[in-house]
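Below you'll find the structure, written out as structure tokens, and then a few comments.
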């Protein structure tokens, strides 16, 4: 547990225990159901107002290199008139960054802890959104790399890379898109809890979130275009291979046909009696095959 005090108080709890929950119960008299819910992850989709406090759950995408995709990071907020309590279940980079800014920047601390809890909440979510936007950088880097690798003749490997990236974009979207509802409800609830002065701050957060989703949509469209182009290249390469096999079949056809003729008893007896006949047939097959080969090359088929 970490506590920073000014005019307001920020309490941050990681991996809450029953002792932490008891501390919150004695200090703020939160509803028991809400306190019990803090012991595990939640799936609430809106800011929920109570008589003297607000409760909200915010999810952020956290890139996991092991699975090559984004997973869900959760932070719960309990907001009173003089305190903001954040609860999370793992070490979260934006929370740590915010903690360091409060400790190292006195001007920022005065702004964050000097007005009301709505302003403090704004700065925390702003840090989370900044982190979410930075989480898009690895997607941007992978899109750039895919663009460079597109014409290097590694279509099958590129197909695998595109599949991983599309999954990452999808997971990021599944996590981030519902937060639009959270931020919109925060504007509505915030008007009643703090007054209309905070609406512009929460509208700014909604705008920042919209920018993130627009960037994600742009990356998705780019990856879809890359996938389509890569599929066309792979199809062209496959058709080229099939064309070569077809031509090879045509080139070997005279030899196969001649061999079949030699299995006929009369022709077999004729060849055995006269070696010149066999030689003539062999030369004929060779000339026919060479002629077909030259014809295919002239047409540009091989």
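The distance separating the Cα centre of region 204-218 from that of region 130-160 comes to 20 Å. Here the label points at residue 154 and residue 17, each 7 Å from Cα along the C-beta direction, are separated by 4.9 nm in the simple model. Taking label points 7 Å from Cα along the Cα-to-Cβ direction, residue 7 and residue 51 give a separation of 2.8 nm.
Here the gap between residue 93 and residue 72, fully extended at 0.36 nm per residue and compared with their Cα-Cα distance, gives a gain of 6.2 nm.
Where a number appears in this text, it was derived from the coordinates with a stated rule and is not lab data. Remember, it's a predicted structure, so these values are computed and weren't measured experimentally. Please note: Cβ atoms are built from the backbone with ideal geometry, for glycine as well, and neighbour counts cover all protein chains shown.
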